[in-house]
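These notes are about the structure you will find just below.
Where a number appears in this text, it was derived from the coordinates with a stated rule and is not lab data. Since the model is a prediction, treat every value here as computed from it, not as a measurement. Glycine also receives a Cβ, built like all others from the backbone with ideal geometry; neighbour counts cover every protein chain displayed.
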Amino acid sequence: MADTSRPDLAALASRLDEVEGYLHIEELRGKVSELEAKSAEPGFWDNAEAARAVMEQLSAARDSVAGIESAREKLEDASAALELADETDDEDLLAEAAHLAESLEHDLSELELSSWFTDELDHGDAIVTVTPGQGGLEAQDWCEMLFRMYQRYCERRGWKVTVNDAEPGEVIGLDRATFTVSGRNAYGMLRAEQGVHRLVRISPTDAKKRRQTTFAGVEVLPVLPDDVEVEIDPNDLRIDVYHASGHGGQGVNTTDSAVRITHLPTGIVVTCQNERSQLQNKAFAMSVLRSRLYEMELARRAEELDELRGPKHDIGFGNQIRSYVLYPYQLVKDLRTGVETGNVDSVLDDGDLDPFIVGYHRWLVGGGRDS
């Protein structure tokens with residue numbers, strides 16, 4: 001937006017008005033005051049769990065209000081700089097106006113995205129699992145590539161990543177990777193990644209250097225708050241412990257710390273091995289099981305396809321949501337939204353996924369649907 005003009009700023013002002021409407025900003029200001037008063041009441045911290053929940057709500061509401069106020073300030077500063085630039089023909093002021101407008105546009109995209117998340121779970125943490133699909137050993141390598149891509153993306157967003165299970169492949173890559181992402185809107189953002197991801201490249205393991213197509217599946221689950229009730233009968237569980245085989249630090253392979261939980265009525269199997277303690281591994285595995293059973297209950301009540309997981313497809317040809325082509329040309333393209341880039345390295349190596357994730361949610365709000 002190097003050639004910023006009044007129409008540019010007018011368009012940004014209109015977007016800001018819309019975002020304020022989406023977020024019900026005056027109601028949010030009232031909510032901040034209400035929660036601040038509640039947090040100052042005597043005995044507020046007597047129930048630490050309930051107090052933390054209130055403080056999380058307060059922090060989220062404050063962030064939204066602060067985001068709107070910061071956007072308003074940038075809009076006013078950009079308008080003032082542009083007006084002075086018009087009067088004085090000052091190129092520096094014009095550049096300042098352009099810089100502020102560009103920054104405001106980025107902020108508005110973030111605020112718009114947050115306003116689209118209407119489910120409370122969208123604002124919370126996520127559990128991501130990447131598994132290889134069709135493509136044999138190469139698919140395990142692809143699984144590890146995606147795992148690293150998501151780690152980089154989370155770093156870019158300032159989210160915390162906890163690796164819960166990273167099972168090495170037979171020769172290369174990973175046979176499975178499960179990790180928890182903690183940060184604002186983590187689940188809402190990352191659910192855009194749920195589905196089958198396709199890679200086309202020259203096989204690194206083929207002496208004849210033939211082109212190979214491989215697939216991996218990405219599952220994204222919400223971390224359920226403690227107040228979401230999911231009944232699990234202990235008699236329905238089979239719990240096995242075994243030696244961990246993934247990356248877990250010194251001593252991880254010397255004790256039976258890894259845990260596998262099988263929910264007998266549904267056949268769901270959950271594993272965790274990257275914590276040093278068997279109790280920690282069991283606790284995480286139970287949280288994943290709760291999330292998966294919660295999904296199934298939503299699907300049963302709605303009598304339709306799983307609302308959080310999306311349609312269940314084989315991890316193979318014809319079911320991909322996004323293609324990553326490294327040969328004979330370079331292109332990453334989302335097949336739902338049409339968002340694409342030829343800068344493959346920025347996506348796979350640097351985790352530059354925002355254009356795809358934001359594009360997905362914009363498409364969804366505009367009436368797009370997963371097939």
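Could you work out the relative contact order of the chain? I mean the mean sequence separation of Cα pairs under 8 Å and 6+ apart, divided by the number of residues, in percent.
Over the chain, the number comes to 15 percent.
For the pair residue 86/residue 29, report the inter-label distance in nm, with labels modelled 7 Å from Cα in the Cβ direction.
Here the modelled spin labels are 2.8 nm apart.
Based solely on its DSSP helices, what 222 nm [θ] is calculated for the chain when runs of n ≥ 4 H residues each add -39,500 (n - 2.57) and the sum is averaged over all residues, nearest 500 deg cm²/dmol? Write down the numbers at each step before the final one.
Details: 9 runs with 168 residues, N = 371.
It comes out at -15500 deg cm²/dmol, rounded to the nearest 500.
Sorted by packing (mean other beta-carbon atoms within 10 Å per residue), highest first, where do 105-112, 5-12, 193-200, 209-216 land?
Ranked by mean Cβ neighbours within 10 Å, highest first: 193-200, 209-216, 105-112, 5-12.
Can you list the equivalent-ellipsoid semi-axes of the chain, largest first and in whole Å, using the square root of 5 times each Cα gyration tensor eigenvalue? Can you show the working numbers first?
On the way: eigenvalues 308, 180, 68 Å².
Listed largest to smallest, the semi-axes of the chain are 39, 30, 18 Å.
Using 0.36 nm per residue, how much length does the chain from residue 70 to residue 47 gain when fully extended, once their Cα-Cα distance is taken away?
Numbers: separation 23, 0.36 × 23 = 8.28 nm, distance 3.40 nm.
Contour length minus the Cα-Cα distance gives 4.9 nm.
Based on other C-beta atoms within 10 Å, arrange 128, 347, 365 from fewest to most. Before the final figure, lay out each step's value.
Working: 128 25, 347 19, 365 12.
So the ranking, lowest neighbour count to highest, is 365, 347, 128.
Straight-line reach from residue 209: which lysines fall under 26 Å, measuring Cα to Cα and dropping same-chain residues less than 8 apart?
333
Where in the stretch 194-216 does the label zone of residue 330 land, with the point 7 angstrom along Cα→C-beta and an amide N cut-off under 18 Å?
Hits in the stretch 194-216 for residue 330 at 18 Å: 199-204, 212.
At q = 0.17, 0.18, 0.19 Å⁻¹, what is the base-10 log of I(q)/I(0) for the stretch 6-116 according to the Debye formula with one equal point scatterer per Cα and no solvent? Please give it to two decimals.
-0.81, -0.86, -0.91
Amide H neighbours of residue 268 under 5 Å, counting only residues 5+ apart in sequence or on other chains, H built in-plane at 1.01 Å?
It is 263, by chain and number.
Residue by residue through the stretch 7-23, which ³J(HN,Hα) values in whole Hz follow from phi under the Karplus form 6.51 cos²θ - 1.76 cosθ + 1.60 (θ = phi - 60°), with glycine and proline marked x?
The phi angles translate into x, 4, 5, 5, 5, 5, 5, 5, 4, 5, 4, 5, 5, 4, x, 4, 7 Hz.
Full-extension gain between residue 299 and residue 109, please, as 0.36 nm times their residue separation minus the C-alpha to C-alpha distance.
Working: separation 190, 0.36 × 190 = 68.40 nm, distance 3.14 nm.
Gain on stretching residue 299 to residue 109: 65.3 nm.
If you plug each phi of the stretch 333-349 into the Karplus form 6.51 cos²θ - 1.76 cosθ + 1.60 with θ = phi - 60°, what whole-Hz ³J(HN,Hα) values come out, in order, with x for Gly and Pro?
In residue order, the calculated couplings are 9, 8, 7, 8, 9, x, 5, 8, 8, x, 8, 5, 4, 5, 7, 6, 8 Hz.
Kindly express, to the nearest 10 degrees and within the range 0 to 90, the angle between helix 137-157's C-alpha long axis and the longest C-alpha principal axis of the chain.
30 degrees
Using every Cα-Cα pair within the stretch 100-192, state what percent have a distance larger than 16 Å. It would help to have the intermediate numbers written out before the result.
Working: 2583 of 4278 pairs.
Of all Cα-Cα pairs in the stretch 100-192, 60 percent lie more than 16 Å apart.
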